[in-house]
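The values are calculated or read from the model by the stated rules, or taken from the named source; none is laboratory data. What you are looking at is a predicted structure, and each value in this text was computed from that prediction instead of being measured. Because the Cβ atoms are built from the backbone with ideal geometry, glycine has one as well, and the counts that use them run over all protein chains shown. SASA here: full protein model, heavy atoms, side chains in, ligands and nucleic acids out. Shrake-Rupley method; radii C 1.70, N 1.55, O 1.52, S 1.80 Å.
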Amino acid sequence: MERVEEDDPKQNNVKTRPKGGLVTMPFIFSNEICEKLAVVGFNTNMISYLTTQLHMPLTKAANTLTNFGGTASLTPLLGAFISDSYAGRFWTITVASIIYQIGMTCLTLSAILPQLRPPPCKGEQVCQQATAGQLAILYGSLLLGALGSGGIRPCVVAFGADQFDESNPKEATKTWKYFNWYYFVMGVSILVAVTVLVYIQDNIGWGWGLGVPTIAMFLSIITFIIGYPLYRHMDPAGSPFTRLLQVSVSAFKKRKLAMVSDPNLLYRNDELDASISVGGKLVHTPDMTFLDKAAIVTEEDIVKPGQAPNLWRLNTIHRVEELKAVIRMGPIWAAGILLITAYAQQNTFSLQQAKTMNRHLTKSFEIPAGSMTVFTMVSMLSTIALYDRVLVRIARRYTGLERGISFLHRMGIGFMISVLATLVAGFAEVKRKEAALAHGLQDKAHAIIPISVFWLVPQYSLHGIAEAFMSIGHLEFFYDQAPESMRSTATALFWTAISVGNYMSTLLVSLVHKFSARADGSNWLPDNNLNEGKLEYFYWLITALQVVNLIYYICCAKLYTYKPIQIHGKDSESEGDAGVELASKV
């Protein structure tokens, strides 16, 4: 393989500028902290704001938040596309943060200014609902928030990882630590949001409850922009989707051609690929050979020296390998969906369980049911800290890997712990129902059963531990294995998996509710009285599905081929082992 010479201006630019590194982390993390404070602080209690402040009917309020959540889950793909294709990660984050700031400011003003919300209810009178104009401000604010979040989420994590130069061995080993730090910081901000911000909203007022994250977001934008001279900036390299489509089209056009006997005969063009292979060139892999036909040179493809080929007929092997890398990630991406489906039950059925149990710590203090997720966050943060400081050092002695274990192994551990979490949840529900039966409360849907809510702590904590392993491993996987010019897009897939997992939860609940119904009115998931249902069967159904999913994941991980990359500057005369490194070893 031809290598990029050291006098390549684009390559030289990245290597010689003393930018990036740990010094940039406070500027980048401040943006992520404030985005999470705003998103989680709003979403956790927003149903209360819509019903108590805007007097919106419960069903309409729930649908509003569902639509907002669905939109917000799709916008990261748009933000990633703009970042990778045109604007670059810094400017995408900056503009998206400003859009988010405008949305937050409008929402905060609606909570402060009386004319932007209906008057408060008096006595037993029918509450006046928000006017069309007041609702327009609400919907506009939520839409701006969804668009802003879509630009921030996929780009912040990739932009932070970009600050560590993969061609520098000393910096490359810090990349895996960065993902731990990123998720830890994100977890702390979520923990603050579900405790401090919710308390402010419920006890001090919505003006301050929405105003605090709005002010914090404004300060984070200023801080993020101030750090501009310190960042490493990766230039956008054109639409990644167009390149993937070009390879697909050209491979289809040449589908009847016989495959060349030597991979070295496939088309290469260092100058054409320079902007999308700054960190190194992808080398040929022997699988999915039907795509290699896109790089076969025919007489029709021959052009004059210096002239670019028709990319809808002929593509370089680097671009073919980009498509292969994206296809290989698909099965691993799909495996993460079911874990999110299991995790989602914490905000639904686990919450309903907690509401029926004794939540008193003292005679005067009772844990809010919605605050039980604190145990998930604390266990997740503790696991990340323990993993980073202890487990990695122990594992390193046996594996020889700087990161301790590979991200595929890390994800596998997370899957196994998630199986245990839903299994335990089923037994906790059996215990709760036994207590209800023993005290004659099985027919009383709203009665508090004399059993401690701390019986639910194991399932909450296990979900947190599982997330510390699986979600961070998933995030590492997408960034590490994605082609370098598609890293924002690949990171967006992480958020898309979360979205699909939540939708899968909704579908699964609907199907179980429908098909478990009996003529006598019984149901695994009853609408009114959880004590008369079979929630434990539902948890064990998810457990069984997760076991199948774990087997599927193990098969995918065993068959997965890490992307091999030709590092610029390595001495190699061909596509042999010299100069070729597996991206997973970074």
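Computed values, structure above
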quantity	calculated
Taking the C-alpha atoms of region 286-424, convex hull volume expressed per residue in Å³	221
Under 5 Å, built H, 5+ apart or other chain: amide partners of G20	Y231, R232
Percent accessible area from carbon and sulfur atoms, the chain, protein chains only, probe 1.4 Å	65
Global geometry of region 340-383, whether rounded, prolate or oblate, following the gyration tensor of its Cα atoms and the 1.5 cut on a/c	oblate
Dipole magnitude (debye, nearest 20) for the chain, charges at Cβ of Lys, Arg, Asp, Glu	1060
222 nm mean residue ellipticity, helices alone, for the chain (DSSP H n ≥ 4; -39,500 (n - 2.57); rounded to 500)	-20000 deg cm²/dmol
Placed amide H near L282: partners under 5 Å, 5+ positions off or other chain	Q566
Three-way shape call for region 456-575 based on the alpha-carbon gyration tensor, with the a/c threshold at 1.5	prolate
For the chain: accessible area per residue (Å², 1.4 Å)	45
Sorted peptide list for 285-296, 224-235, 390-401, 475-486, criterion being average Cβ within 10 angstrom, highest first	475-486, 285-296, 224-235, 390-401
Region 132-286 - Kirkwood radius from inverse mean 1/r over Cα pairs (Å)	20.7
Interchain or long-range residues, amide H under 5 Å from H439's placed H	none
Span-like helix ranges in the chain, DSSP H, alpha carbon extent 15 angstrom or more, Kyte mean at least 1.6	206-226, 373-386
Mean separation of Cα contacts under 8 Å, 6 or more apart, over the residue count of region 363-460: relative contact order %	28
Cα gyration tensor shape for region 180-220, rounded if a/c is under 1.5, else prolate or oblate	oblate
Relative contact order of the chain, defined on C-alpha pairs under 8 angstrom at six or more residues apart (%)	20
